[in-house]
Amino acid sequence: MNIIETVLELENVTMQFGGVVAVDSFSMHVDQGETVALIGPNGAGKTTAFNVITGVYAPTNGCVKLRGKIIAQGHPTGKMRKLYAGTHIGEYNHLVSNTPDKITEMGVARTFQNIRLFKNMTVLENVLVARHMRLKAGLFASMLHINQQEERRIRQESLDLLDMLGLGDVAQEKASSLPYGKQRYLEIARALATEPRLLLLDEPAAGMNPQETDELSDFIRKIKEDFKLTVFLIEHHMNLVMDISDRIYVLDFGKLISEGTPQQVQDDPAVIAAYLGVDEE
């Protein structure tokens with residue numbers, strides 16, 4: 001009997017800014033090898049949830065676990081103890097935090113809704129920057145090129161990665177010169193260069209036309225299989241979400257309103273109301 005490992009788990013995560021509750025007692029999980037999507041209207045709290053997972057924000061309350069280990073945990077402190085509007089108060093008494101670079105080292109990589117490439121660097125240099133985090137030599141040795149053998153190795157690995165992802169022919173071009181779709185692929189390549197086991201994609205199809213979106217679906221399937229990834233994504237393109245997702249979570253105003261298979265979520269009246277609105281009687 002195969003035991004399925006839970007890679008990512010959020011337990012009653014609340015993220016509150018002043019009096020605004022952006023994510024409200026959100027619980028979810030992503031299992032090994034799954035592709036799970038997080039959807040919801042604009043302002044639902046999706047990117048905020050990503051930012052909590054990746055260490056950009058410390059949760060106001062609740063915890064985040066990576067393969068059963070708590071990587072982020074918070075409870076209301078200071079002024080927030082009076083302002084806190086969420087639930088599960090008093091259940092999380094210890095603070096745990098990790099910076100984004102530490103979480104990346106743990107095997108979590110992400111892309112962003114707005115592309116964040118080093119636009120004046122070449123395609124190869126963008127990948128090398130990410131690849132350097134896996135160097136065995138320290139920063140000082142790298143700066144002085146003391147370990148040239150390792151430098152050559154990661155350069156070749158970066159070139160091989162670009163070839164695998166169809167970007168080998170533009171390796172020496174500036175990132176800013178690439179068409180929009182290839183810039184998206186480069187950002188994913190840079191994330192893959194950190195050797196993640198869990199890949200978070202924040203609206204990877206943003207700005208793409210229908211043909212590019214279809215090609216992206218195939219691309220995500222390919223890298224998931226080739227790199228043995230677990231994928232968690234935010235996306236507004238429902239065709240892509242329904243096409244590649246094993247399960248879907250739906251947020252609305254920071255609250256979880258639905259979860260299940262693509263078909264279950266698509267047919268859920270609460271989801272239809274969140275996206276299309278309901279007539280007032």
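Is it the case that Ile115 is at pLDDT below 95, within 23 Å of Gly18 (Cβ to Cβ) and not small (Gly, Ala, Ser)? Steps first, answer last, please.
Numbers: at pLDDT below 95: yes; within 23 Å of Gly18 (Cβ to Cβ): no; not small (Gly, Ala, Ser): yes.
No: the conditions fail for Ile115.
Yes/no per residue for (1) surrounded by fewer than 20 Cβ atoms within 10 Å (Cβ to Cβ); (2) within 21 Å of the chain's Cα centre (by Cα); (3) touching a residue at least 12 places away in the same chain (Cβ under 8 Å):
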{"position": "Leu159", "(1), (2), (3)": "yes, no, yes"}
{"position": "Leu162", "(1), (2), (3)": "no, yes, yes"}
{"position": "Gly168", "(1), (2), (3)": "yes, no, no"}
{"position": "Glu173", "(1), (2), (3)": "yes, no, yes"}
{"position": "Tyr180", "(1), (2), (3)": "yes, yes, yes"}
{"position": "Arg184", "(1), (2), (3)": "no, yes, yes"}
{"position": "Ala191", "(1), (2), (3)": "no, yes, yes"}
{"position": "Asp202", "(1), (2), (3)": "no, yes, yes"}
{"position": "Met208", "(1), (2), (3)": "yes, yes, yes"}
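Among the residues of the stretch 199-216, write down those that are among the polar types (S, T, N, Q) and over 25 Å from Gly45 (Cβ atoms). Spell out the reasoning first.
Applying the first criterion (among the polar types (S, T, N, Q)) to the stretch 199-216 yields 209, 211, 213.
Selection gives Asn209, Gln211.
Any idea how many residues of the stretch 148-165 are at pLDDT 90 or above, not charged (D, E, K, R) and not in a loop (DSSP other than H, G, I, E, B)?
Qualifying residue count, the stretch 148-165: 6.
Give the residue, chosen from Ser177, Ser158, that is of a type outside the set (Val, Ile, Thr) and out of contact with any Lys or Arg (no Cβ under 8 Å at 6 or more places or on another chain). It would help to see each step written out before you state the result.
Details: Ser158 fails: out of contact with any Lys or Arg (no Cβ under 8 Å at 6 or more places or on another chain).
Being of a type outside the set (Val, Ile, Thr) and out of contact with any Lys or Arg (no Cβ under 8 Å at 6 or more places or on another chain) holds for just one of Ser177, Ser158, which is Ser177.
Those residues that are hydrophobic (A, V, I, L, M, F, W, C) and open to solvent by less than 50 Å² (accessible area, probe 1.4 Å), I need them from the stretch 113-135; list them, please. Even if it seems obvious, please write down each step before you answer.
Here is the first cut: in the stretch 113-135, the ones hydrophobic (A, V, I, L, M, F, W, C) are 115, 117-118, 121, 123-124, 127-130, 133, 135.
Correct list: Ile115, Leu117, Val123, Leu124, Val127, Leu128, Ala130, Leu135.
Using beta carbons and a limit of 6 Å, which pairs, at least six apart or on different chains, have the first residue in the stretch 211-232 and closer than 15 Å to Arg197 by Cα and the second one aliphatic (A, V, I, L, M) and assigned to a helix (DSSP H, G or I)?
From residues that are closer than 15 Å to Arg197 by Cα, the pairs are Ile220/Ile244.
Within the stretch 1-41, can you find the residues that are surrounded by fewer than 23 Cβ atoms within 10 Å (Cβ to Cβ), within 17 Å of the chain's Cα centre (by Cα) and not in a strand (DSSP E or B)?
Answer for the stretch 1-41, where residues must be surrounded by fewer than 23 Cβ atoms within 10 Å (Cβ to Cβ), within 17 Å of the chain's Cα centre (by Cα) and not in a strand (DSSP E or B): Gln32, Gly33, Glu34.
Given the options Gly55, Gly33, Gly43, Gly18, name the one that is among the small types (Gly, Ala, Ser) and closer than 20 Å to Asn98 by Cα. Lay out the reasoning, then the answer.
On the way: Gly33 fails: closer than 20 Å to Asn98 by Cα; Gly43 fails: closer than 20 Å to Asn98 by Cα; Gly18 fails: closer than 20 Å to Asn98 by Cα.
After ruling out the rest, the residue left standing is Gly55.
Out of Ile244, Ile223, Ile257, Ile234, I need the residue that is buried (at least 22 other Cβ atoms within 10 Å of the Cβ) and not acidic (Asp, Glu). Which one?
On the way: Ile244 fails: buried (at least 22 other Cβ atoms within 10 Å of the Cβ); Ile223 fails: buried (at least 22 other Cβ atoms within 10 Å of the Cβ); Ile257 fails: buried (at least 22 other Cβ atoms within 10 Å of the Cβ).
So the residue among Ile244, Ile223, Ile257, Ile234 that is buried (at least 22 other Cβ atoms within 10 Å of the Cβ) and not acidic (Asp, Glu) is Ile234.
Conditions: (1) at pLDDT below 95; (2) in contact with a His (Cβ under 9 Å, 6 or more places away or on another chain). Ala85 meets all but one. Number of the miss?
(2)
Mind checking which residues of the stretch 42-86 are aromatic (Phe, Trp, Tyr), under 16 Å from the mean Cα position of the chain (by Cα) and under 17 Å from Gly18 (Cβ atoms)? I'd like the intermediate steps shown before the answer.
We begin by selecting, within the stretch 42-86, every residue aromatic (Phe, Trp, Tyr); these are 50, 57, 84.
Add one more test, that the residue is under 16 Å from the mean Cα position of the chain (by Cα), and what stays is 50, 57.
Listed by number, the list holds a single entry, Tyr57.
The values are calculated or read from the model by the stated rules, or taken from the named source; none is laboratory data. Quick caveat, the model's predicted, so the values are computed rather than measured. Note that we place each Cβ from the backbone using ideal geometry, even for glycine, and neighbour counts take in every protein chain shown. Ligands, DNA and RNA are stripped out before the accessible areas are found, and what is left, the full protein with its side chains, is counted by its heavy atoms. Shrake-Rupley method; radii C 1.70, N 1.55, O 1.52, S 1.80 Å.
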